[in-house]
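Below: one structure, written as structure tokens.
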Amino acid sequence: ELPCGAGGLRVEETKRLAREARSAALRVKLLTGRAAPRSIGVLANEVAALSVDIAGSVDPENVAILGPSGSITTLLPGLSYGMRAEYPPGRKLIDHGGAVCLATAFGPDSCSSLSLPMMMTLACRKMALTAEEVIAACTLNAAAAMARQKTIGSIEPGKRADLAVFSVSDYRLIPYYFGFNLCAMTIRQGKIIYRGASTPPAAPTRSRQA
């Protein structure tokens, strides 16, 4: 992972390290800070970046380049929240044909949350993603950002049985609720590794009229 932009590597340094990584058969991931470099779209294409991690704003020109590029854009809304920065333009990236994934980027000085469902909520409310899009961003697209989409990320024959089961009556309730754990069970390679505490049924309610 190569940090670029303010406080990170210069463009030429990034390109040089990317060349060395490719010569060693390694894939390149780019990490931007609060604001992406002005050339982030062109740079991602030039180094054939597997993914580009974005925590802040991206100008329209780079959105138009990153959208149809072969790179997965990793949105980091927890960093935006922690740094009180502008949220990444998730909606615009998707509308330009981009594939996005979500991550927490947990760190004591940046994002103080380990909760991926909380990132899903932020993505819906702050970046205008739909429930379907955030679920894809946390599963198949996240696997693609690690070049592992052939073995994990979706429920298909031949893939590992890595599953998270949520105690909800509708999948759209997963990002709708926040602040408590709705995951009832986690399965890794077909084996149960976590059973959550029982939670009250999660369903939208309407206030009663007097």
Return a yes/no flag: does the range 101-112 have any residue that is touching a Pro at 6+ places or on another chain (Cβ under 8 Å) and surrounded by 15 or more Cβ atoms within 10 Å (Cβ to Cβ). yes
(1) in contact with a Leu (Cβ under 7 Å, 6 or more places away or on another chain); (2) in contact (Cβ under 8 Å) with a residue 60 or more places away in the chain; (3) within 21 Å of N181 (Cα to Cα); (4) open to solvent by 40 Å² or more (accessible area, probe 1.4 Å) all hold for A147 apart from (3)
Output the residue which, of all residues in the range 2-61 that are among the hydrophobic types (A, V, I, L, M, F, W, C), farther than 27 Å from A85 by Cα and surrounded by fewer than 15 Cβ atoms within 10 Å (Cβ to Cβ), is farthest from the chain's Cα centre (by Cα). A24
Contacts under 7 angstrom Cβ, first residue in the range 78-96 being within 11 Å of S57 (Cβ to Cβ), partner in a helix (DSSP H, G or I) and of a type in the set (D, E, K, R), 6 or more apart: Y87/K126
May I ask you to say which residue of I193, I187, I152 is in contact with a helix residue (DSSP H, G or I) (Cβ under 8 Å, 6 or more places away or on another chain) and either closer than 23 Å to A103 by Cβ or modelled with pLDDT under 95 (or both)? I152
Please tell me if T73 is open to solvent by less than 30 Å² (accessible area, probe 1.4 Å), part of a loop (DSSP other than H, G, I, E, B) and touching a helix residue (DSSP H, G or I) at 6+ places or on another chain (Cβ under 6 Å). no
Criterion violated by K159 - all others in (1) open to solvent by less than 60 Å² (accessible area, probe 1.4 Å); (2) in contact (Cβ under 8 Å) with a residue 24 or more places away in the chain satisfied: (2)
Considering (1) under 20 Å from D170 (Cβ atoms); (2) open to solvent by 40 Å² or more (accessible area, probe 1.4 Å), say which one C138 fails and leave the rest. (2)
Here are some conditions: (1) assigned to a loop (DSSP other than H, G, I, E, B); (2) of a type outside the set (S, T, Y); (3) at pLDDT below 95; (4) open to solvent by 40 Å² or more (accessible area, probe 1.4 Å). A85 meets all but one. Which one does it not meet? (4)
Is there a residue being of a type outside the set (F, W, Y), part of a loop (DSSP other than H, G, I, E, B) and under 23 Å from E133 (Cα atoms) anywhere in the range 16-31? no
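The values are calculated or read from the model by the stated rules, or taken from the named source; none is laboratory data. All of these numbers come straight from a predicted model, not from anything done at the bench. Note: ideal-geometry Cβ built from the backbone for every residue, glycine included; neighbour counts use all protein chains shown. Ligands, DNA and RNA are excluded from the accessible area calculation, which covers all protein heavy atoms including side chains. Shrake-Rupley method; radii C 1.70, N 1.55, O 1.52, S 1.80 Å.
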